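Please treat every number below as a calculation from the coordinates, not as lab data. Everything numeric in this text was worked out from a predicted model, so none of it was measured. Quick reminder, even Gly has a Cβ in these numbers, built from the backbone with ideal geometry, and neighbours come from all protein chains shown.
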Amino acid sequence: MVINTQAKPRLLKFYSFQVRYPEPLLLPSFVTIQQVLGQFPRRDQALPPEKHQELVRGVFQLLSARPDSVSNFVEVDAIFGPGMKMVYKHLATLYFVFVFDNSENELAMLDLVQVFVETLDRCFKNVCELDIVFNFNKLHTILDEMILGGQVIETSSEEIMKSVEEIARLEKQSSTTSLIPKSISERFSR
Amino acid sequence: MALSGMRGLSVFISDIRNCHNKEQERLRVDKELGNIRTRFKNEKGLSPYEKKKYVWKMLYIYMLGYDVDFGHMETVSLISAPKYPEKQVGYIVTSCLLNENNDFLRMVINTVRNDIIGRNETFQCLALTMVGNIGGKEFSESLAPDVQKLLISSSCRPVVRKKAALCLLRLYRKNPDVVNIDGWADRMAQLLDERDLGVLTSVMSLFVSLVSNNAEAYWNCLPKCVRILERLARNQDIPQEYTYYGIPSPWLQVKTMRALQYFPTVEDPNARRALFEVLQRILMGTDVVKNVNKNNASHAVLFEALALVMHLDAEKEMMSQCVALLGKFIAVREPNIRYLGLENMTRMLLVTDVQDIIKRHQAQIITSLKDPDISIRRRALDLLYGMCDVTNAKEIVEELLQYLNTAEFAMREELSLKAAILAEKFAPDLSWYVDVILQLIDKAGDFVSDDIWYRVVQFVTNNEDLQSYAAGKAREYLDKPAIHETMVKVSAYLLGEYGHLLARRPGCSPKELFAIINDKLPTVSTSTVAILLSTYAKILMHTQPPDAGLQQQILTIFKKYESYIDVEIQQRAVEYFELSRKGSALADVLAEMPKFPERESALLKKAEDAEVDTAEQSAIKLRSQQQTSSALVVAEHPSANGSAPAANHLTLVKVPSQTVSDIPESSATYEEVSNPTVEALKENGPVEVESKATDISEINHQTKVEPPSTSRSTSPADLLADLLGPLAIEGPPAAEQYPVQGLDANQSPVGDLALATLEDQSNSVQPIVNVEEKFHILCTKDSGVLYEDPHIQIGLKAEWRAHHGRLVLFMGNKNTSPLMSVRALILPPSHLKMELSSVPDTIPPRAQVQVPLEVANLRASRDVAVLDFSYTFGTALVDAKLRLPVVLNKFLQPINLSPEEFFPQWKALTVHSLKVQEVVKGVKPLPLPEMANLFMSLHMAVSPGLDTNPNNLVACTTFFSEATRAMLCLIRVETDPQDRTQLRLTVASGDQYLTFELKEFIKEHLIDIPRTQAAPPPGPVQPQLPAAVPATYNDPGAMLAGLL
């Protein structure tokens, strides 16, 4: 979750996961929603926007009340369910927030936030909020190279950059667009 | 990424940014959504580029919090696009917008599968990422084998394999069957040999999940984990890009140590040694440095290492090293580390033997309670709560109370609940407990649930010592200008019940009490009004002499509330009004509340229920199981820490009452009559309780005993089986005789020890009081010491009601270490029905437990009940058989008869067996007044003047038993002033057994003061009576033989 200091979401990603096992829930993630899941009004969509707005508001309220000198950990049982924790980093106008359960090491998560920020920095050369606003799709790409299904997949920002660059290269190569074969889209429209 | 090429998206984002308010934003979004909708409808004209652009816009709108309920099909269809950019957008946006249940996803399963098994690595990555993010049952079923293949394939690039690992993890969670454990243990071991750290990190996540589900299956992987740790932490054999601020991949280290914590233990000595070497290196080699990121990373590893050390139950040396480190952390400036230090210290409480070291940091922890960071304050609160015991309860609870003044609202409820629980669990004395709770109500009334004040009332009601104190305190609070309504409730209740105890204090006359309470009446809610009305009625009752003015005032209030809207209050008002006019009847109805039955603290229960079962909380839970409630066990002196016995689960032993005459009716009637008695008890108000104290030094003083209060009641059948052997399992009373018989056989060799307790000959621990003497003292008194040896003191306190009795055994541990395997078994004679409450298995150091014992008298007999009591202290087993002073005179109630009542009765009893006369010789010479005193002490009322001869003595009493109910007994003693060693004794009653038993009983007491002589001389035996052989009256063994 990336939110700016005006409570505007800049990046949200939820790795929801229905609980199968009582222990442990290994879900380090941007947000792990468990009990909310059962209350979805529609079964086929990800988190309904009303819900995630509520989460953003809840998180922002907590964060905005915290001065800079305090710890980076907040217990968020009230918002995300029992045992959930949150680490955040406040950088310039942005909060970078990770929410996870008690099966993760808090400081390691904080390190991961740092890796994410460093990667953005490399990618955008002195990242600022505007970069993030206009390149939110790129953020998704970076995030996907770092976290998969709520688990850390890559911790080296160099490796992440390599993958992201490769993706960019692939995009450029094929930007000479060709139409999607009609047969496929027609199949869907039926 | 072709962002520059998506001008439309950038424009849209700019527009949104330029919106000044939410309304404008909504308009812009709606316009865009409308646009996208029409474009999608007319799909044919849509270029892939446009499609891609719109899909990104949809994701952006969704993120802003607007509903995007269309276009899903278009999004999903992009996945099937042949070119990378469209495909990528399709995969990313799909995994953000949709979940596993979406129908469109089913339609692309084949496409996804083709991407996964295809040759294009970039497509593989995209597909794996989406499947890993969405999960889904159908994906799991159809794709798991392919994903597995990718993971173990040697030809795949690491970038694919690491994604396959996490994708498989997600599928495994959805459906654990996808990983077949048999094959996977070996495969996993191979995967853990992986050199590429990216792949290894992902594999480790998968491994943690697998091993957490079934550690047994993956034993072979344990050494591999240790090797990975060695590789990282010791050899630092790692590519440059995986060192993070100089630390070799902290994430992998953390994950590996996490995985190791799922194994119950590390048995292999080599692996264990290697592991501890690495851990030692981590523990010692981490310093706080300037660079924040480096600090975080190194401490992430360090804290995980601490957790692993705790889990592995390392040697004490290493543990104290850990505590020392934590002690350092909780004092550093860096808030994150302070936070984690506190958190881990709370976990550390689980480890035995370190609590003392943790306590040394108490001052520092209390400082953290004042930290500006609420996260840290919460951690400090948890830790203080966990580390609290009798030694530091006072300090900690008072600190919490102080903090309550400044705590933010969010924390107050938790804080007050915790303070209340600690006060109850570890109160060094009960007046302190009352103080704490009243302060709590005063400071945070809103957060004090009813449970908390009910509990105070229970304690005060059950402890007479406390009553005037509590009432006085309540009175003080009422003087405060604005008090919380809960305080009004509790004060009014206490003053209603016990206000009269304060009558002599200034400002505490009934009138003044009424006035100050009545001041609150206009402002309180209905539930409080009800309490106030009761209080008024009670004040009125206690006003002696009656005060007409006060009565008028109170009656006016009752009258006023007779038409109140709330039915409960109406009823109270009407009833109190009527009762008040009845005068003395009021006193009966409104007598002091009887003691509350002992019950589990609702508060503690609530706390237990509320606890989420995570590691740190179970630490607290465990401790709360080890430490009994103060109400049950009050330990006065500082107990050595860590001495809380781990085995103390308060398993309680219940001993069934045994009756030889296993007539079903007898137990039925017992049940029947017990109820009226209880009612009688209620009506008469609480029975006078002589004295009580929570102070152990006073307990040494024989008569001072502990007030009853909470207890738990469980009677695990298996424990019973332990005690009584396999026979007990058969259940019926007849079976229960066998163990008694066996015991009898064992005891007969030492039977001639007679009056003394029958100590097992191997007993090295001897009583330090004269047990026989104590028994005889207790025969005429209702409280005192029954037994005492260097380790334990057993006190006793009894209350009698007709043929029922309630005894409480007070077992006080005099040592600083616990008494283990405490067992108590009652061997009742046939005429008594006895039920002993459960006895805790362990008596904590310096603590006292109370064991109630219910007695019912079935018929007259002089047989004595025996308490078979044993415990182990260290290696010594101490076993004592103690006679219980449940003797005939306990069921006597003296009665004074006038001559007009006496003589007709006396004359009516002419039947030989009902009226027995005997010349008793060898009587201890006593002056007549002393003899009268002796009779009085045996509950027989001497009525002077009934017999005209001044040398004679006539006494009357009522004997209660189930068989006889209340039966009048008449006794006449004719003494010879010339020879005081002989007298003629006549006893008459309506029951021949009773007459005989009572005569023998009086004889025993007349012939000698029993404590100076072992056994009374044999008296005549009447063969038709089932009495024991007189020579063995006091030999429990023989007595038991008689029993059978």
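Numerical summary
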{"item": "Label zone at A:Lys172 (point 7 Å along Cα-to-Cβ), backbone N below 20 Å, the range B:59-100", "result": "B:83-89"}
{"item": "Sites B:Asn949 and B:Asp979, calculated FRET efficiency, Cβ-Cβ separation with R0 22 Å, nearest 0.05", "result": "0.90"}
{"item": "³J(HN,Hα), Karplus 6.51/-1.76/1.60, whole Hz, each residue of the range B:419-427, x for Gly, Pro", "result": "4, 5, 5, 4, 4, 6, 6, 10, 4"}
{"item": "Inter-chain shielding of B:50-62 (mean C-beta neighbours from other protein chains, 10 Å cut-off)", "result": "2"}
{"item": "Lysine pairs in the range B:262-399 with Cα atoms under 21 Å, if 8 or more residues apart or on separate chains", "result": "9"}
{"item": "Shielding of B:334-344 by partner chains, average beta-carbon count, 10 Å", "result": "3"}
{"item": "Calculated FRET efficiency for the pair B:Glu315/B:Lys370, C-beta based, R₀ 45 Å, to 0.05", "result": "0.80"}
{"item": "Protection-proxy order for peptides B:425-437, B:366-378, each taking the mean of Cβ atoms within 10 Å per residue, highest first", "result": "B:425-437, B:366-378"}
{"item": "Order by protection proxy (mean Cβ within 10 Å, highest first), peptides A:145-151, B:107-113", "result": "A:145-151, B:107-113"}
{"item": "Cα centre as origin, Lys/Arg/Asp/Glu Cβ charges: the range B:408-602 dipole, Debye", "result": "520"}
{"item": "For the range B:785-792, Karplus couplings with θ = phi - 60° (6.51, -1.76, 1.60), whole Hz, Gly/Pro x", "result": "8, 9, 7, 8, 9, x, 9, 9"}
{"item": "Label point distance in nm, B:Glu485-B:Phe596, each placed 7 Å from Cα along Cα→Cβ", "result": "2.1"}
{"item": "Additional length obtainable on full extension of the chain from B:Val911 to B:Ile565, 0.36 nm per residue less Cα span", "result": "117.8 nm"}
{"item": "Gain upon complete extension [B:Lys149, B:Gln551; 0.36 nm per residue less C-alpha separation]", "result": "135.6 nm"}
{"item": "Linear extension gain, B:Arg806 paired with B:Arg28, 0.36 nm per residue minus alpha-carbon span", "result": "271.9 nm"}
{"item": "Other protein chain Cβ atoms within 10 Å, averaged over every residue that makes up A:133-146", "result": "5"}
{"item": "All lysines inside 17 Å of B:Lys162 as judged from Cα atoms, apart from same-chain residues fewer than 8 positions distant", "result": "A:Lys162, B:Lys149, B:Lys255"}
